[in-house]
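Each value in this text was obtained by applying a stated rule to the coordinates, not by laboratory testing. Since this is a predicted model, take the numbers as computed values, not measurements. Note that we place each Cβ from the backbone using ideal geometry, even for glycine, and neighbour counts take in every protein chain shown.
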Amino acid sequence: MATSESPKSTFFQQLLRLLGLLVLATGIFAFGYYTGGKKEGEDPVESLKGQVQEVTSTVVEKSSELKRDLTLWRSLKKAKTLTIGAGEEIRQKNFGKAQTEVSEVIELLTEASAIPEAREGVEQKINSFRTRLLDVQDDANALKPTAKQKLDDIAEDMDQFIRDLRN
């Protein structure tokens, strides 16, 4: 004989099932709320704004540094070219024109040494070149052909210095 359940027990089972589902849904909701809640005081927009400001300041600083280095590099390349030209003028016995070109190189190096926040040691090296060029200018004034070799040495040292700056 088949046993049939009373309508009361079926109703009770359905009620227990519904209650179990409600408890399960409430537990899932509570877990999601607990884990998904944001920390108090932390604003994602402000956090992102701070990150953007930090990146922007870094980019500005790096571009400023690159601009200084490029200006210095261009000045030194031009100074080297003028130094080589002055050496050629001495070789051709044009001491007056050589003195003028050496003066231009000294002026160019003076401007280059005035670049703010240049790398450490750059100003000292530029001052060394200027001192050596003043010595060459004295030799050119005295019509000494040895000034050509001094200018060649200075140009070679400038070239090495330029290569060192690039690294």
Exercise. Based on the alpha-carbon gyration tensor of the chain, what equivalent-ellipsoid semi-axes (square roots of 5 times the eigenvalues) come out, in whole Å, largest first?
Worked result: 87, 15, 10
Problem set entry | Cβ-placed point charges (K, R +1; D, E -1), dipole of the chain about Cα centre in debye, nearest 20 | 520 debye
For this session: Would you be so kind as to identify which of S63, G27, Q99 lies farthest towards the positive end of the dipole of the chain, taking Lys and Arg as +1 and Asp and Glu as -1 on Cβ and the Cα centre as origin?
Result: G27
Problem set entry | Degrees, to the nearest 10: 7-36 long Cα axis against longest axis of the chain | 20 degrees
Seminar exercise, completed: Expected unfolding gain across D69-N167 under the 0.36 nm per residue rule, minus the alpha-carbon gap, is 34.2 nm
Exercise. Of the cross-linked pairs K67/K150; K77/K144; K97/K148, which ones have a Cα-Cα span greater than 24 Å in the structure shown?
Worked result: K67/K150; K77/K144
Exercise. What is the gain in length, in nm to one decimal, between R91 and A114 on full extension, counting 0.36 nm per residue of separation less the C-alpha to C-alpha distance?
Worked result: 5.1 nm
Problem set entry | Computed over region 56-166: relative contact order in percent, which uses C-alpha pairs under 8 Å that are six or more apart | 34 percent
